[in-house]
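Engineer: One structure, pasted below without further comment.
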Amino acid sequence: MSSPETLLELRNVTHGYHMRAGATLKIIENLNIQVGYGEFLGIVGPSGCGKSTILRIMAGLIKPLSGTVIFRGEVLTGTTPRISLMHQTPPLLPWLTVGENVYLALISRSDLTEEEKRLKASQLIELVDLAGYESAYPHELSGGMKQRVALARALVTDPDLLLLDEPFSNLDPLTSLSLSREIEYMWLESTLPPISVVMVSHNIEEVVMLSDRIIVLGGRPARILAEVPIEMGRPRNKKSEEFYRLVDEVFSLIS
Amino acid sequence: MLGEIIAAVTLSWARITVALAISALAAVIIGIYSGISRRVDRVVIPVLDILQSVPILGFFPVAVYYLANAVPLLGYELASIFLIFTCTFWNLAFSVYEGARSIPQSLVEVAELSKLSMRDKLRKIYIPAIFPGLVDQLPASLANAFYFLAASEVITLGGAQVNVLGIGALILKYQEAGNYAGIALGLVTVALSIVAVYLLVLLPLIAYSDKYRFDIIQPPEVQRTPLIIGVYTRIKSIHAPLGVKSKRLAGLAHRINLIQMVNTRYMRSDIRRLLFVIVMIGLLIFLGPRIYASIDDAWAAVVVVAEAGLRLGLISVGEALAYSFLRVLVCLALMTALTLPLVFIITEKPHIKSALLPAFQIVAALPSPLIFPLISRLFEAGALPREFGAILLMALGSFWYVFYSALGGFSHVHTEYLELAKMYNLSSFKRLRYIYLPFATPSLVTGLITASGGAWNTLIIAERLGQGGRIFEVYSPGLGKLMSTLAELADIPALVLTVIAMTIVVLLVNRLLWRSLYDYSIRALRIHE
Ligand SMILES: Nc1ncnc2c1ncn2[C@@H]1O[C@H](COP(=O)(O)OP(=O)(O)OP(=O)(O)O)[C@@H](O)[C@H]1O
Ligand SMILES: [Mg+2]
């Protein structure tokens, strides 16, 4: 299901790394992905196939070897506060408190006053259920809490597009579940920022739970093996027949 | 003239090669032994740590005096090689030690289980583990050897000056004769020979060592800890459990020698260090009679050294120490202020980095003392310029430690953090303040520790530089100036006293200032190793 309006689009994107001998190892080749307006897109694929690389390209952090990234109808040339990326292992600065870590995302913004920035930071910390932990340091938090700080930091800039790289990796099943609920809540709550979300994850149940559409990547260089639209209504019931079928389908496409 | 120069350069290289080979061999043996055996480790590492704080150049005349008397013909030659050895050995030894220590216990156990022969163990486990670190340290050792080149070839003791044949001595000779063409030609030849060795020997060695670098020996997350930090954390981690389980170890301790008992059971580490110094002083005094031939009684040696102390006056020694300390601090501060922006720019601009680094490595290996005459001439007029000149001379001997440790710290910052800075549009200042600096601080402090040791070592040249009858010295007092004067007067007891004083001060500064700064930064930054 592709939305009538596209928020971000990868056009013929090819990327790779230069190897020692001078040759180029291609990671992805001629990739075309459209992220619809208001769409929650899931991306799955085997480890090392280039999912993180794709998110970095979408975020404007790396420039692909060839091809273009179109964001809101214009070519994306670098990072923008309108696109937020939550890294696979979220880099929290150990010498800053939770509050300061979230505040860091706004520190260079000139369109907000100091007061507004502080207020926004604490609102987001509250939203991810970390109220009271503002002055804690990252090493005092559990893995799931750290992940939620990273989520708050990614959302505090009011992005149009949120890119989530393996938000559930390194989390135990129960914590994954609660983080997934958090993301779903954020997504369904229409007053909250992101218009669209792209999520990469190995946790297929949660991908099926959250996504409107799933792209299955594979091969080397990676290409799109399949697209699976998820046309279930929300909230989705994990025990339903249809849910099982979809999870099965995605599983069989990967393996 | 060219023939003379080439012969001298060859001889200098021969001496350096011999000294480096001895250093490397000793480093490999001692490093591996202390890396794999806790028992050896507990004795050797503190000893190395202390010996490394002894000011080499201050110690030199004493060694020369002894060696020249003991070995009539080759004495000066040996003394020269010995000096080069003392300035190339420590970093090699610590890097081998670190490498050996990084071998996972499981690997050692597998080797034991599969009954590998010693030769196979060396080939399959130890050499791969230590080789890259050792090779990485070779340029630093070489640079050190060249830094002390002139000092190692021109030996002054009691008005007598003995030159061994070599390019350092030759250039000084040209200088006395006012032969500027000779000086220039000599410098160019040395520079070319260093570049050649760098390109033909060191770079291939480094490339070869890459073969071992990404072996499974170290998991990728374990960053290679900078030298001293590794040693310090090592020392810390050894003593922490020992303090707790001292009872169980009490039986064992009987079998180990006295020093180690002092080490493990009774003392907190600062006191232990001091005690160690006292034991060393005792040893020195015990060896005194051999060094100072006219005294055949250890007690008499003590008296002589004590008398020297009275002669010099404790106040004047203290004053000299205070001035020198201040000079070292100013030098370190200036170097840090210069390094940070430089390293920041280099790190952020990969193309500048790849262009500049090889050049820097060669410049770092060039013997900076050969331009000392130029500096001493430039900063001759007035007290303040002289102070600045002295600080510059010191910086030439220790700048690279600061530079490379800062560079290491900066380039170890993970990409994710830099991407964060990019996404949130952090200005250069904010990137430096929130990301680079905190990450690099431990490594930077480590570099400063080494640089501070280096600066103390060079004081004896920097505060008073005698060349060809001309003397360039700071007007205010200084410990290096004092030592240099004493060496010229061949006042061995007083020299011994100043060497001891400097060693104690360096150790105390390391312990009380640097070590606590390091611990503080780790705590303040909440970096968990
Ligand atoms: N800086 C780099 N230099 C060279 N190769 C790289 C670099 N970064 C990534 N790669 C390679 O690119 C490929 C894709 O990496 P990427 O991190 O995008 O994979 P991924 O799909 O996110 O994997 P995972 O599921 O394990 O997170 C990998 O094979 C990796 O080795
Ligand atoms: Mg990834």
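So that you can scan it fast, the table gives a plain yes or no per residue for (1) at pLDDT 80 or above; (2) more than 28 Å from the chain's Cα centre (by Cα):
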{"residue": "B:Pro72", "(1), (2)": "no, yes"}
{"residue": "B:Phe89", "(1), (2)": "yes, no"}
{"residue": "B:Gly133", "(1), (2)": "no, no"}
{"residue": "B:Asp136", "(1), (2)": "no, no"}
{"residue": "B:Asn144", "(1), (2)": "no, no"}
{"residue": "B:Ala150", "(1), (2)": "no, no"}
{"residue": "B:Leu172", "(1), (2)": "no, no"}
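Engineer: Further question on the same structure: Would you mind stating whether B:Ala395 is away from chain A (no Cβ under 14 Å) and not polar (S, T, N, Q)?
Structural biologist: In short, yes.
Engineer: Sort out which residues of the range A:149-198 are of a type in the set (Ser, Thr, Tyr) and either assigned to a helix (DSSP H, G or I) or out of contact with any Asp or Glu (no Cβ under 8 Å at 6 or more places or on another chain) (or both), and write them in order of number.
Structural biologist: Those that are of a type in the set (Ser, Thr, Tyr) and either assigned to a helix (DSSP H, G or I) or out of contact with any Asp or Glu (no Cβ under 8 Å at 6 or more places or on another chain) (or both): A:Thr157, A:Ser169, A:Thr175, A:Ser176, A:Ser178, A:Ser180, A:Tyr185, A:Ser190, A:Thr191.
Engineer: Counting only residues that are among the hydrophobic types (A, V, I, L, M, F, W, C) and open to solvent by 30 Å² or more (accessible area, probe 1.4 Å), how many does the range A:96-127 have?
Structural biologist: Of the residues in the range A:96-127, 3 are among the hydrophobic types (A, V, I, L, M, F, W, C) and open to solvent by 30 Å² or more (accessible area, probe 1.4 Å).
Engineer: Looking only at the range A:15-51, which residues are within 14 Å of ligand 2 (Cβ to nearest atom) and surrounded by fewer than 16 Cβ atoms within 10 Å (Cβ to Cβ)?
Structural biologist: Matches in the range A:15-51: A:Ser47, A:Gly48.
Engineer: So, in the range A:50-82, exactly how many residues are within 13 Å of ligand 1 (Cβ to nearest atom) and within 14 Å of A:Asn32 (Cβ to Cβ)?
Structural biologist: So the count comes out to 4.
Engineer: Mind listing just one residue for me: the one in the range A:25-49 that is under 12 Å from A:Ser201 (Cα atoms) and assigned to a strand (DSSP E or B) and, of those, farthest from ligand 1 (Cβ to nearest atom)?
Structural biologist: Only one residue tops the list, namely A:Leu41.
Engineer: Hey, another quick one. For A:Glu114, state whether it is without any contact (Cβ under 8 Å) to a residue 40 or more places away in the chain and more than 13 Å from every other protein chain (Cβ to nearest Cβ).
Structural biologist: Taking the combined requirement at face value, the residue satisfies it.
Engineer: Something else about it: Quick one: would you say A:Lys63 is open to solvent by 30 Å² or more (accessible area, probe 1.4 Å), in contact with a Pro (Cβ under 8 Å, 6 or more places away or on another chain) and away from ligand 2 (no atom under 16 Å from the Cβ)?
Structural biologist: Taking the combined requirement at face value, the residue does not satisfy it.
Engineer: Let me ask another. With the structure loaded, tell me whether B:Tyr147 is under 30 Å from B:Arg464 (Cβ atoms), in contact with a helix residue (DSSP H, G or I) (Cβ under 7 Å, 6 or more places away or on another chain), without any contact (Cβ under 8 Å) to a residue 24 or more places away in the chain and open to solvent by less than 20 Å² (accessible area, probe 1.4 Å) or whether it fails that test.
Structural biologist: no
Engineer: Next up: Taking the range A:66-103, which residues are aliphatic (A, V, I, L, M) and either within 19 Å of A:Leu124 (Cβ to Cβ) or within 11 Å of another protein chain (Cβ to nearest Cβ) (or both)?
Structural biologist: Hits for the range A:66-103 are A:Ile83, A:Leu85, A:Met86, A:Leu92, A:Leu93, A:Leu96, A:Val98, A:Val102.
Engineer: Pick from A:Met145, A:Met232: which is away from every other protein chain (no Cβ under 14 Å), more than 16 Å from ligand 2 (Cβ to nearest atom) and in a helix (DSSP H, G or I)?
Structural biologist: Answer to the selection: A:Met145.
Engineer: Continuing with this model, one more query. Give the residues of the range B:373-419 that are of a type in the set (A, V, I, L, M) and open to solvent by less than 30 Å² (accessible area, probe 1.4 Å), sorted by residue number.
Structural biologist: Correct list: B:Ile375, B:Ala390, B:Ile391, B:Leu393, B:Met394, B:Ala395, B:Val402, B:Ala406, B:Leu407, B:Val413.
Engineer: Can you find a residue that is closer than 15 Å to A:Ile215 by Cα and within 13 Å of ligand 1 (Cβ to nearest atom) anywhere in the range A:17-24?
Structural biologist: Taking every residue of the range A:17-24 in turn, none turns out to be closer than 15 Å to A:Ile215 by Cα and within 13 Å of ligand 1 (Cβ to nearest atom).
Engineer: Yes or no: B:Val195 without any contact (Cβ under 8 Å) to a residue 24 or more places away in the chain, more than 18 Å from B:Leu74 (Cα to Cα) and surrounded by fewer than 18 Cβ atoms within 10 Å (Cβ to Cβ)?
Structural biologist: no
The values are calculated or read from the model by the stated rules, or taken from the named source; none is laboratory data. What you see is a predicted model, and the numbers here were worked out from it, not measured in a lab. Virtual Cβ from ideal backbone geometry, glycine too; neighbours counted across all protein chains shown. Protein only, heavy atoms only, side chains kept; ligands, DNA and RNA dropped before computing areas. Shrake-Rupley method; radii C 1.70, N 1.55, O 1.52, S 1.80 Å.
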